[in-house]
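Report on one structure; see the data block that follows.
All of the numbers you see were taken from the coordinates with simple rules; none came from a lab. Small disclaimer: the values here were computed from a predicted structure and weren't measured. Neighbour counts run over all protein chains shown; Cβ positions are idealised from the backbone, glycine included.
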Amino acid sequence: MTIILFVLLLATSYLLLTTPVSAQCPVCIVTVGGGMLLADRLGIDDFLVSLWISGLNVAISFWLATKIKNRFFGNPIILSILMYATTLSYFIFTQQTGSPANTILGLDKIIFGQT
């Protein structure tokens, strides 16, 4: 009984006493971007690199949303969708997608990882 009470008290204090933080610092974002370039050069699978690119896009969108004062473009969800579309259009335009040998579950690894 005391263990359940302790866990309940701990969970309640965690929910009531924590403060929100913003953990998208520009230095961390640039570091992740450099790590992705290095991972691609080392031959790490496109699926894993595209997952990191997608995470980087979301981090940049949430960081950028705090800087933009516009009501529409200041929304991190809208910025994430724009970054997603821009990144996919870049990969398609530079013909990095579409290889039949680079698929997972019948979909291109880069598109699958981004989505």
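Here are the numbers:
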item: Inter-probe distance in nm under a simple model that places probes 7 Å from Cα toward Cβ, at Ile77 and Leu105; result: 2.3
item: Charge dipole magnitude, Cβ of K and R +1, D and E -1 - the range 24-114, Cα centre, debye nearest 20; result: 440
item: When the chain is reduced to its Cα atoms, the Kirkwood hydrodynamic radius in Å; result: 16.8
item: C-alpha long axis of helix 26-41 to longest principal axis of the chain, angle in °; result: 40
item: Potential extension, Thr31-Leu17 segment - 0.36 nm per residue separation minus Cα distance; result: 1.9 nm
item: Residue of Leu48, Leu82, Leu16 that the Gaussian network model of the chain assigns the largest fluctuation, springs spanning Cα pairs under 10 Å; result: Leu16
item: Relative contact order (%) - the chain, alpha-carbon pairs under 8 angstrom, separation at least six; result: 25
item: Crossing angle, helix 46-67 versus the chain [Cα axis fit, 0-90 degrees, rounded to tens]; result: 60
item: Where labels lie 7 Å past Cα in the beta-carbon direction, separation of Gln95 and Leu10 in nm; result: 5.8
